[in-house]
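The values are calculated or read from the model by the stated rules, or taken from the named source; none is laboratory data. Because the structure is predicted, anything quoted here is derived from the model rather than measured. All Cβ positions, glycine included, derive from the backbone under ideal geometry; neighbour counts span all protein chains shown. All accessible areas refer to the heavy atoms of the entire protein, side chains included, with ligands and DNA or RNA removed. Shrake-Rupley method; radii C 1.70, N 1.55, O 1.52, S 1.80 Å.
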Amino acid sequence: MEDSKLPVTLLSGFLGAGKSTLLRHILETKHGDGAFKCAVLVNDMAELNIDQKVIESTGLIQSDEVISMQNGCVCCSLSGELKDQIVKICDKGSFDYMVIEASGVSEPAAIAALFEDCDDDHDHSEHATVALGDVARLDTIVTVVDSAEFLQNLDLMANPGKEKYPKLLVEQVEYSNVVLLNKIDLVDEGQLNEVKEKISLLNNTAKLVTCENSNVDIADVIGTRLFNSHDFDLSRFVEQFKNEAPKSCCKASVARGESPCCKRARTHDSGKSQVVVPSKKLQKTRHGESYEITSFIYRARRPFVPHLFFMNFVDKFFLCLEDDEEEEDIEVDEDEDIAMDEVEGKDQEDKKVDEVDPRKKLQEEGAKKKTARIESMGGVLRMKGYMWTSNSHDIMGYISTAGNVVRIESAGTWTVLDENAWEGTEAEKSKLRKDWVAPYGDRRQELVFIGQDLKHKAIQDILDSCLLTDDQMAMGIDGWKATLGDTLLNG
């Protein structure tokens, strides 16, 4: 059944990394190959899709084989249209492959989700339209990286309109099967090695390919069958802290009702939390030896006090920026429009100053927080994971950082509130309860830290200072709501 589905390669990557050049290289290389009948979908955020016009102008592909999707993004606003277009192509039956060039601000994970089977418990024949996963399969996700700009973009100071760039850049690398390190002619060997190490740290399963001008072996990006949605999960990183065969001494410890002794040796328990460092038995990586890049997991089974967590950690070391609010359309008549133009002309110089000041202020603030972060915690490259706060007891929080920017959002509710965890099949209950610890189920802090010269003891102390005290824990949920507030009750 899978072989009958149209295979798709998704080209992802930051703005200007070389995706369009790679697409042209694929088409040039395959041009004249009658066995390779490829449809192309080009997405551009702008109203005018320049990339699509360039591809058509090459003569490498017929115009009816190029689908243009502009003025939006295929991972969000155009996702429905993307599905419809691919289904239409599959219905034609005239293509045996498809390449999607996503816009530079697209999230590959969101696009990949469109190919997933529907998990809802209902008769799937009820779907009004054909599901994308029924006719097409994601074959490979390729992320193109500008080697010369990667490190600078990763640590980009948050500017108005650019605050999400570091997070997006990291997610594009994390959610890929193949990472193309492009423009290597613009960096020296030391810089290239540093880029390789940091990318391997973000995604140690992706295939790294170095190139100039996006010139690669087509077999590395077409028909690889590398994509597997189960490979992309926070648990993939967490599992490396667990996957070690128990030694005889550990078996003896377990037999005595104790935790494995070797795991205890790499677990730093403060009484409030545990920091777990990777096993020394794991295969050595060059990034660990050459750049002192390390990682660890912070775990706790008590909630954060919200104001302490923001004061002692989030606001102290990162820029926490709100999502851009939707702009309201404002209608003005022609006279008002002319008047506004006159005012703008008179105050143009003042406005230029106003435009610069907020950016400069954020840059300065970001620089200060970076200095404080390095002094207190070491070089945190990436932090992500699940968090539990006392004022939103039932909501699973998800926190992630990239560069100076931190983002906190809801990941839904904890599995302890899932009906199937209580009344489902034994298999369902076992799966949903795997992270439970009485009395609060899977509510927890589970934060992954990745970086250089990380001070895990200092980070543990900082985060422990944000946790509820023993006296507060003894109050219970009602006591927390009464003394620390509740987002549902207090707004």
For this session: Name every residue in the stretch 1-58 that is at pLDDT below 80, among the aliphatic types (A, V, I, L, M) and part of a loop (DSSP other than H, G, I, E, B), in order of residue number.
Result: MET1, LEU15, ALA35, MET45, ALA46, LEU48
Exercise. List pairs: first in the stretch 415-435 and surrounded by fewer than 11 Cβ atoms within 10 Å (Cβ to Cβ), second assigned to a helix (DSSP H, G or I) and of a type outside the set (S, T, N, Q), Cβ under 9 Å, 6+ apart or cross-chain?
Worked result: GLU423/LYS429
For this session: Answer yes if at least one residue in the stretch 437-448 is surrounded by 12 or more Cβ atoms within 10 Å (Cβ to Cβ) and at pLDDT below 90, and no otherwise.
Result: yes
For this session: Answer yes or no: is there a residue in the stretch 142-157 that is open to solvent by less than 30 Å² (accessible area, probe 1.4 Å), of a type in the set (Val, Ile, Thr), closer than 21 Å to GLY104 by Cβ and at pLDDT below 90.
Result: no
Seminar exercise, completed: How many residues of the stretch 452-480 are touching a residue at least 40 places away in the same chain (Cβ under 8 Å) and either more than 18 Å from ARG266 (Cα to Cα) or over 32 Å from the mean Cα position of the chain (by Cα) (or both)? The answer is 12
For this session: Confirm whether ASP121 is over 23 Å from VAL209 (Cα atoms), at pLDDT below 75 and either assigned to a strand (DSSP E or B) or open to solvent by 40 Å² or more (accessible area, probe 1.4 Å) (or both).
Result: yes
For this session: Filter the stretch 375-399 down to residues that are among the hydrophobic types (A, V, I, L, M, F, W, C), closer than 19 Å to THR483 by Cα and at pLDDT below 95, then give me how many there are.
Result: 1
Problem set entry | Subset tally (residues that are open to solvent by 80 Å² or more (accessible area, probe 1.4 Å) and either outside any helix (DSSP H, G or I) or modelled with pLDDT of 75 or more (or both)) for the stretch 344-373 | 3
Seminar exercise, completed: Among the residues of the stretch 422-454, the number that are assigned to a loop (DSSP other than H, G, I, E, B) and among the charged types (D, E, K, R) is 7
